[in-house]
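Notes for the one structure printed next.
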Amino acid sequence: MATTTTINPLANPKGTKKLCELCQKPAYIQCPNCRVTYYCDREHQKLDWDGIHAETCQLLIPLRTPLPFSSSADERAHRERQQLNRQRQIIELARTHGQKLLFESKYDLVVPAAMLCLKFSIGLYGLNSIELVPSYLLLGEASIGLGRLKQGEDYLSQAQWTVLKTPECPNQIKSKLYRNLGLLHAAKKNHSEALLQLADDIYHSSLVYGTDHIHTSGGYFHMANIFLKEGSPEKTLTLYDRVVTVWFAHLSLLIKEHEKTANLEDPAAIVAGQDELSLDVAQEAEAKLVLNTIQTVVQEKILHKEDHELTIKVHAALAMLHYILNETSKVIEMLDVIKKVVDRPSNINSKLVESYQQFRLIVEKHLS
């Protein structure tokens with residue numbers, strides 16, 4: 001974390017107040033790096049630094065520093081466009097980073113990221129815009145994770161109201177809203193209502209991405225977790241299998257395309273391919289959470305059932321994920337588990353075994 005610079009509120013220019021970034025109380029310390037962000041105490045400074053400020057510190061300087069006067073209309077228009085692009089960059093960065101922290105269960109750190117996202121979204125789009133909903137959803141899910149269900153319900157109610165009064169609301173936002181409502185009802189142990197909300201999540205996500213997409217698979221995953229709590233092994237395994245199948249296919253595609261771009265000679269084409277076929281930090285965190293959760297359930301036989309094909313698929317998907325993240329030792333560990341299962345006398349899908357063997361050849365080529 002950055003060190004602290006103390007400020008005296010009485011020394012502020014007349015008519016100006018420096019307020020804490022997180023709680024809006026009078027500020028007494030300043031970030032010494034950007035010098036445009038203020039806090040009431042070191043605790044809030046550390047929370048903000050760990051939550052989002054380490055990512056946005058330098059990006060905030062041009063947004064919170066008065067622009068020099070220019071008599072040129074073209075120059076002023078250019079600067080305004082730059083500022084708008086910077087604000088959009090902050091919103092996207094805070095939103096993605098907040099989502100990553102959610103998947104990592106770092107709920108207290110989500111709050112600074114979500115608040116920064118909300119603050120800039122309000123400034124850019126206004127108080128009643130549908131663009132504020134992703135921030136409310138981050139805050140709602142973080143509150144649920146922290147066990148503050150009433151607070152989470154309030155944030156989700158605000159999001160729901162905004163969605164209801166926006167007829168043109170995109171289906172991907174509706175999907176995320178229904179998913180969070182499902183998580184809220186699951187936390188309240190109202191499983192039947194949670195399953196209904198998650199069904200709506202899957203429906204709206206499918207309209208945008210299709211039924212077999214990683215964005216849609218989150219709904220299946222949370223449904224499976226509810227069935228796991230209810231002691232329904234067949235339903236749980238069916239949904240877990242679908243989630244793993246979706247991630248297995250997606251990661252397989254990423255690796256195949258990665259192998260293609262690795263053979264290209266044009267540097268620009270390589271960069272373009274990497275940009276289009278990669279996981280962002282939130283998707284990486286989601287893949288780790290989902291696949292590791294399913295691996296634990298399968299490996300520890302929590303459901304008291306053994307499914308060799310699901311065991312192979314989840315370990316293969318994890319191996320691919322670790323390969324993409326350049327975590328070689330974990331790749332080998334996952335492949336060794338698969339080999340032990342494949343070597344047992346059992347009736348395993350031959351195409352699945354072939355996929356595993358092809359990926360093993362890619363790994364061996366990479367290591368040679």
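The values are calculated or read from the model by the stated rules, or taken from the named source; none is laboratory data. Quick caveat: nothing in here was measured; it's all calculated off a predicted structure. Cβ placement follows ideal geometry from the backbone for every residue including glycine, while neighbour counts extend to all protein chains displayed. For the accessible areas, the whole protein counts, side chains as well, though only heavy atoms, and no ligand, DNA or RNA atoms are used. Shrake-Rupley method; radii C 1.70, N 1.55, O 1.52, S 1.80 Å.
For the structure I just gave you, tell me whether D48 is part of a helix (DSSP H, G or I) and at pLDDT 95 or above.
Here the answer is yes, as D48 does meet what is asked.
Residues being part of a loop (DSSP other than H, G, I, E, B) and not aliphatic (A, V, I, L, M): count how many of those fall in the stretch 51-89.
8
Here are some conditions: (1) open to solvent by 50 Å² or more (accessible area, probe 1.4 Å); (2) under 16 Å from K119 (Cβ atoms); (3) of a type in the set (V, I, T). T65 meets all but one. Which one does it not meet?
So the condition that T65 fails would be (2).
List every residue pair whose Cβ atoms lie under 6 Å apart, where the two residues are 6 or more positions apart in sequence or sit on different chains, the first residue falls within the stretch 84-95 and is at positive phi and aromatic (F, W, Y), and the second residue, located anywhere, is in a helix (DSSP H, G or I) and open to solvent by 90 Å² or more (accessible area, probe 1.4 Å).
Partner pairs satisfying both residue conditions: none exist.
For E55, are the conditions met, namely being acidic (D, E) and closer than 20 Å to L139 by Cβ?
yes
Which residues, taken from the stretch 82-110, are open to solvent by 50 Å² or more (accessible area, probe 1.4 Å) and more than 14 Å from the chain's Cα centre (by Cα)?
Residues satisfying the conditions are Q82, L84, N85, R86, R88, Q89, D108.
Among the numbered criteria (1) modelled with pLDDT under 95; (2) open to solvent by less than 80 Å² (accessible area, probe 1.4 Å), which single criterion is violated by N263?
(2)
Taking K189, is it more than 24 Å from S232 (Cβ to Cβ) and of a type in the set (K, R)?
Judged against the criteria, K189 is not a match.
Provide a single number: the residues in the stretch 210-234 that are touching a residue at least 12 places away in the same chain (Cβ under 8 Å) and in a helix (DSSP H, G or I).
So the count comes out to 17.
Conditions tested, residue by residue: (1) closer than 27 Å to T96 by Cβ; (2) of a type outside the set (A, V, I, L, M, F, W, C); (3) modelled with pLDDT of 95 or more; (4) surrounded by 15 or more Cβ atoms within 10 Å (Cβ to Cβ).
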{"position": "Y38", "(1), (2), (3), (4)": "yes, yes, yes, yes"}
{"position": "E43", "(1), (2), (3), (4)": "yes, yes, yes, no"}
{"position": "H53", "(1), (2), (3), (4)": "yes, yes, yes, yes"}
{"position": "C57", "(1), (2), (3), (4)": "yes, no, yes, yes"}
{"position": "L60", "(1), (2), (3), (4)": "yes, no, yes, yes"}
{"position": "S70", "(1), (2), (3), (4)": "no, yes, no, no"}
{"position": "A73", "(1), (2), (3), (4)": "no, no, no, no"}
{"position": "R79", "(1), (2), (3), (4)": "yes, yes, no, yes"}
